[in-house]
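> Pasting a structure below so you can have a look.
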Amino acid sequence: MKKPLTYISLFSSAGVGCYGFKLNGFECIATNELLTKRLKIQAFNNKCKYESGYIDGDITKQEVKQKLLNELKFWQEKHKIKTPDVLIATPPCQGMSVANHKKNDEISRNSLVVESIKLTNKILPKYFVFENVRAFLNTTCTDIDGVVKPIKQAIKYNLGGNYNILYKIINFKEYGSNSSRTRTLVIGVRKDIPNITPYDIFPKKQKSKTLRQLIGDLPSLTEMGEISNDIFHSYREFDQRMLPWIENLEEGQSAFDNSEPERIPHRIINGEVVYNKSKNGDKYARWYWDKEGPCVHTRNDILASQNTVHPSDNRVFSIRELMRMLSIPESFEWSHIKTDKLNEFTELEKKAFLKKEELNIRHCLGEAVPTGVFKNIASNIKKANKNESLSLSQIKSLEEEFKLNETDNIVSFINTNFKNYSLDNIFLIAEHSNSERLKTSAYFTRKDIAYSVIKDLPELKKKKKIRILEPSVGVGNFIPLLFEKYENKDEVILDVCDIDNNSLQILKTILSKIKVPKNFKINFKHTDFLLWNCKTKYDIVVGNPPYGKVTKNKELLGLYKFKAQNSDTNNIFSFFIEKSLRLGNHVSLIVPKSLLNAPEFNKTRDVLKSCDLKKICDYGEKAFKGVKIETVSFLCSSSVSTSDKVIIESYIKNSYKKESKGYIFSDKFPYWLIYRDASFDNVVSKMKLDIFNSFRDRQITKSITQNKGKVRVLKSRNIGNNEVKEIDGYDCYVDEIEELAVSKFYNESDVVMVPNLTYYPRASFLPKNTITDGSVALLTLKNGSRLPTEQDLEFYSTEEFENYYRVARNYGTRSLNIDNNSVFFFGLLKEI
């Protein structure tokens with residue numbers, strides 16, 4: 001049975017926006033609305049498959065929340081879904097709307113947003129969509145932790161660990177509505193969904209229709225109370241004394257523009273004329289025929305609301321006209337009686353129906369998300385779900401079939417097959433084929449990983465023209481995201497470098513097939529970035545530099561090190577970091593996780609610390625599929641640090657939080673501890689640290705060991721908790737040890753053995769007549785400390801020390817060598 005696309009809707013009013021999901025075949029698991037009369041309208045449109053899906057009441061109350069969770073559980077059992085595809089939340093906005101002049105302290109009400117956050121975190125849908133007013137993100141709310149903070153921060157720090165999130169203020173008239181309405185859209189994509197970003201889900205731009213195109217075919221209504229053949233296209237009655245105020249207005253004029261005093265909106269109080277106030281300057285205002293519709297407010301039923309007067313008739317817009325402005329199809333029903341049946345009513349029956357239902361319908365319209373906008377989003381989700389990434393075997397098959405080991409063939413393949421594959425798969429094919437040709441590691445930067453880098457780049461709001469550099473562009477995976485990020489800049493100069501000209505040719509071919517925005521100018525630089533004599537200063541330097549050591553070409557290594565502050569390494573990415581910081585005001589790169597802790601990058605960390613390090617994102621092994629390498633990205637401003645806070649985002653812990661730089665970059669420890677916490681500090685307080693030196697002998701390999709011999713060679717699996725294990729078929733020996741570096745520890749006392757690459761530390765003393773291979777680190781005392789005891793070693797096997805050690809190793813899985821930095825964390829207990 002094919003699983004349906006599903007969604008949950010919170011604060012859903014009449015379900016006008018969600019109707020766009022229904023039109024795309026989505027099934028509604030549960031919908032919540034406080035007011036029953038509005039929830040009924042959703043039922044009229046058969047929104048939910050089951051009656052139990054319609055949940056009225058206050059979502060802050062546990063019993064209401066439980067109904068929703070029970071419905072989800074029912075769907076999980078009956079329809080075998082794991083999580084909903086989408087959670088939609090459009091919480092009330094009274095405390096935020098600029099149109100609301102009667103604001104009081106709405107902070108607790110705005111905390112309905114926090115209920116949306118809580119449920120999103122609990123349910124973990126694949127995608128979430130929050131919609132609200134323009135001021136939404138900067139408005140304060142009472143967060144889960146009880147602290148009052150801007151809503152954007154509440155969303156970011158509660159959901160940013162599980163989701164890549166996009167925040168945008170847009171006018172709906174450009175995205176599927178025919179009515180001007182500036183709103184905030186927040187879209188999240190769960191991080192375990194590969195190659196999909198919020199940009200893929202965000203509604204695509206559409207040209208709105210003018211009112212003439214939109215409602216020009218509807219009959220003019222000139223008589224007060226007149227109802228056309230369509231019950232929802234009627235002339236809503238109003239106080240006749242207001243007619244002179246609007247009857248002579250031209251398009252775009254307000255009654256307050258009338259030159260005759262008696263035609264200016266007023267009241268008579270105690271015989272005195274008291275003129276009404278026009279706070280927003282758009283009351284009693286006639287709209288234009290040749291513009292898109294005005295913003296539809298909840299009080300669209302009165303002349304005194306904003307821009308409610310028809311372009312030529314002396315009345316407010318009809319329900320049908322408003323529906324068209326909000327891109328609501330005629331198939332949407334407002335009653336349990338179908339529209340075609342309502343149209344068969346007598347005049348009196350129609351008036352009775354409208355008297356009872358019209359205000360509720362109009363209020364629902366004023367609160368609604370235009371159907372077309374959510375329909376646009378739903379369509380994008382359907383499309384994104386269908387786009388599957390090619391497997392490695394499929395790519396290799398294509399490489400063999402089309403001989404993609406040659407650049408000309410890659411270019412030809414792209415030109416011929418571009419429409420047959422998604423852009424993501426084109427990048428994937430091109431990157432892998434090109435890497436195979438270059439014999440380099442295929443570190444293809446997935447789109448969702450690239451988004452995690454792009455999303456926190458500065459907006460640079462004060463600059464209309466910006467310069468961006470990608471120093472090792474490859475086939476250009478980051479470029480489409482940069483198009484999206486900086487679409488509103490007047491001009492973006494994008495310089496892309498690569499040492500391989502064939503990569504640039506492939507990139508040019510791909511770019512010729514996609515629409516490069518008019519505001520982007522791309523310059524291609526065929527050069528070795530590290531040797532490039534560049535005098536230009538860039539606003540942003542971004543990308544994924546090559547990882548690898550220069551070992552054979554000493555002359556080239558010398559040139560790379562020439563201006564580098566860190567000459568202790570020969571790893572290329574370190575040189576890329578330093579040069580990028582010299583050229584860029586803001587730098588964000590994906591690099592190996594060893595940057596955080598390896599001794600060879602001590603000076604590189606010092607360079608980064610001297611700048612304004614804004615963010616570190618830890619991907620663990622999740623960034624590059626099929627490649628066993630741990631990576632992080634960082635965002636750094638080349639200016640001197642002005643803030644003690646740094647964002648730590650973790651794909652390992654599903655977290656996104658701010659930490660004190662002084663705390664996680666503390667000089668008390670040999671390297672950065674991005675997961676440092678109170679539990680870690682508690683263990684630190686129990687031990688005296690920095691008391692051991694570390695040694696590993698890498699000379700001992702299988703080629704020199706044997707099954708029997710004079711001296712036993714211990715390996716990592718032989719080490720237990722204060723014991724040495726004998727393992728059949730695993731133990732090995734050597735006869736001669738004089739030429740081995742490890743021989744200096746032979747029969748020495750108080751030498752501690754610790755497995756090198758493990759998350760589960762344990763220790764024992766080196767026995768007599770044994771040595772160790774490189775899988776074991778030998779710890780010897782320094783600094784005149786007391787001798788270690790079995791009780792000290794016992795502590796290394798406890799769960800408490802294990803958790804401490806994970807933090808000490810930054811939850812690494814690959815870079816776990818016990819070196820001169822990490823040995824620091826093996827200490828001796830202060831109290832025995």
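The numbers here are math on the coordinates, done by the rules we state, and not lab data. As the structure is a computational prediction, the values presented were derived from the model and not from experiment. Counting neighbours? That spans all protein chains shown, and the Cβs are built from the backbone with ideal geometry, glycine included.
> Can you put Leu365, Leu392, Leu68 in order of Cβ neighbours within 10 angstrom, beginning with the fewest?
Lowest count first: Leu392, Leu68, Leu365.
> So what is the relative contact order of the chain, in percent, for Cα pairs below 8 Å that sit 6 or more residues apart?
Computed over the chain, the figure is 8 percent.
> Could you pull the Rg and Dmax for segment 389-442, using just the Cα atoms, both in Å?
Over segment 389-442's Cα set, Rg and Dmax evaluate to 10.0, 28 Å.
> Output the relative contact order of segment 6-201, whole-number percent, from Cα pairs under 8 angstrom with separation of 6+ residues.
It comes to 16 percent, rounded to a whole number.
> Just flag the trypsin sites (Lys or Arg not before Pro) in segment 490-533 sitting in loop per DSSP whose Cβ has no more than 10 other Cβ atoms within 10 Å.
Lys515, Lys518
> A further question follows. By what distance, in whole Å, do the Cα atoms of segment 272-334 stretch along each of the three principal axes, largest value first?
50, 27, 20
> Related question: On each of the three principal axes of the Cα atoms of segment 299-409, give max minus min coordinate, whole Å, ordered largest first.
77, 31, 21
> Counting only Cα, what are the radius of gyration and maximum Cα-Cα distance Dmax of segment 6-201, in Å?
Rg, Dmax (Cα atoms, Å): 16.1, 48.
> Percent relative contact order of segment 694-788, based on C-alpha pairs within less than 8 angstrom and at least six residues apart?
38
> Calculate log10 I(q)/I(0) of the chain for q = 0.07, 0.09 Å⁻¹, where I(q) comes from the Debye formula with a single equal point scatterer on each Cα and nothing for solvent.
Ignoring solvent entirely, the Cα scatterers give -0.69, -1.01.
> Distance between Cα centroids, segment 295-366 to segment 777-830: provide it in whole Å.
So the separation of the two Cα centres works out to 73 Å.
> Starting at the first residue of segment 219-235, write each ³J(HN,Hα) from the Karplus equation 6.51 cos²θ - 1.76 cosθ + 1.60 with θ = phi - 60°, in whole Hz, x for Gly and Pro.
My calculation for segment 219-235 gives x, 5, 10, 10, 9, 3, x, 5, 10, 7, 4, 9, 4, 8, 10, 9, 8 Hz in order.
> Let me know the whole percent of all Cα-Cα pairs from segment 195-237 that are separated by more than 15 Å.
Distances greater than 15 Å cover 62 percent of the Cα pairs.
> Packing-wise, with mean Cβ within 10 Å as the measure, how do 345-351, 10-16 rank, highest first?
Those peptides, ordered most packed to least, come out 10-16, 345-351.
> When all C-alpha to C-alpha distances in segment 685-829 are sorted into bins of 5 Å, what percent of pairs does each bin hold, rounded to whole numbers?
2, 10, 20, 24, 20, 13, 8, 3, 0, 0
> Residue by residue, what Karplus-based ³J(HN,Hα) values in Hz, rounded to whole numbers, does segment 163-179 have, using 6.51, -1.76 and 1.60 with θ = phi - 60° and x for Gly and Pro?
With coefficients 6.51, -1.76 and 1.60, one gets 10, 7, 10, 10, 10, 9, 9, 9, 9, 4, 5, 9, 9, x, 10, 10, 10 Hz.
> Between Glu630 and residues 5 or more places away or on another chain, which pairs have amide H atoms under 5 Å apart, with H built 1.01 Å from N, and which residues are they?
Amide H neighbours of Glu630, under 5 Å, 5+ apart: Lys593.
> Sticking with this one: Would you order Thr210, Thr407, Thr371, Thr90 from fewest to most other beta-carbon atoms within 10 Å of each residue's own beta-carbon?
Thr210, Thr407, Thr90, Thr371
> I'm a student and want to see the number: the projected area of the Cα convex hull of segment 446-674, averaged over all directions, in nm².
So the mean shadow area of the Cα hull is 12.9 nm².
> Another one. With unit charges on the beta carbons (Lys and Arg positive, Asp and Glu negative) and the dipole taken about the Cα centre of the chain, which residue among Ile381, Phe128, Tyr538 sits farthest to the positive side?
Projecting each Cα onto the dipole axis, the largest value belongs to Tyr538.
> A follow-up question, please. What whole number of Å gives the distance from the Cα centroid of segment 635-661 to the Cα centroid of segment 34-77?
For segment 34-77 versus segment 635-661, the Cα centre distance is 40 Å.
> Another question, if that's okay. What does DSSP give for segment 446-674 in terms of the percent of beta bridges that are antiparallel, rounded to the nearest 5?
Of the beta bridges lying entirely in segment 446-674, close to 45 percent run antiparallel.
> Do me a favour and compute the ellipsoid semi-axes for segment 634-680 from its Cα gyration tensor, root of five times each eigenvalue, largest one first, whole Å.
Here the semi-axes work out to 18, 15, 9 Å.
> Still on this structure, please answer the following. Could you compute the net charge surrounding Thr569? Neighbours are other residues with a C-beta less than 11 Å from the C-beta of Thr569; K and R count +1, D and E count -1.
Here the count lands on 0.
> What is the helix-to-structure angle for 371-386, meaning the angle in degrees between its Cα long axis and the longest Cα principal axis of the chain, kept from 0 to 90 and rounded to the nearest 10?
30
> Indicate, rounded to the nearest 5 percent, the antiparallel portion of the DSSP beta bridges found entirely in segment 6-201.
55
> Another question, then. Based on Cβ point charges of +1 for Lys and Arg and -1 for Asp and Glu, what charge dipole magnitude is obtained for the chain about its Cα centre, in debye rounded to the nearest 20?
Charge dipole of the chain: 720 debye, to the nearest 20.
> Would you calculate, for the chain, the mean residue ellipticity at 222 nm contributed by helices, counting each DSSP H stretch of 4 or more residues as -39,500 (n - 2.57) and dividing by all residues, to the nearest 500?
Dividing the helical sum by the residues of the chain leaves -8000 deg cm²/dmol.
> I'd like the trypsin sites (Lys or Arg not before Pro) in segment 251-302 restricted to DSSP loop residues with at most 13 other Cβ atoms within 10 Å, sorted by number.
Counting only loop positions with at most 13 other Cβ atoms within 10 Å, the trypsin sites (Lys or Arg not before Pro) in segment 251-302 are Lys277, Lys279.
> Something else now. Report the one residue of Ser655, Ser580, Tyr163 whose Cα lies farthest in the direction of the positive end of the charge dipole of the chain (charges on C-beta: Lys and Arg +1, Asp and Glu -1; origin at the Cα centre).
Ser580
> May I pose another question? Taking the Cα centre of segment 306-453 as origin and charging only Cβ (+1 Lys, Arg; -1 Asp, Glu), how large is the dipole, in debye to the nearest 20?
340
> Take every DSSP beta bridge whose two residues both sit in the chain, then give the antiparallel share in percent to the nearest 5.
Given both bridge residues lie in the chain, the antiparallel proportion sits at roughly 60 percent.
> Compute the helix-to-body angle for 501-513: its Cα long axis versus the longest principal axis of the chain, expressed 0 to 90° and rounded to tens.
The angle comes out near 20 degrees.
> Towards the positive end of the charge dipole of segment 685-829, with charges on Cβ (+1 Lys, Arg; -1 Asp, Glu), say which of Leu787, Asn721, Leu816 has the farthest Cα.
So the residue we want is Leu816.
> Can you list the equivalent-ellipsoid semi-axes of segment 211-356, largest first and in whole Å, using the square root of 5 times each Cα gyration tensor eigenvalue?
The equivalent ellipsoid of segment 211-356 has semi-axes of 29, 18, 13 Å.
> Additional query: Using the count of nearby Cβ atoms within 10 Å as a rough guide to exposure, how do Ile193, Ile414 rank from fewest to most?
Ile193, Ile414
> Report, in degrees rounded to the nearest 10, the 0 to 90 angle that the Cα long axis of helix 572-583 makes with the longest principal axis of the chain.
With rounding to tens, the tilt is 50 degrees.
> Karplus couplings for segment 773-788 from phi (6.51 cos²θ - 1.76 cosθ + 1.60, θ = phi - 60°), rounded to Hz, Gly and Pro as x?
For segment 773-788, the Karplus curve yields 8, x, 7, 10, 9, 9, 9, 10, 5, 9, 6, x, 6, 5, 6, x Hz.
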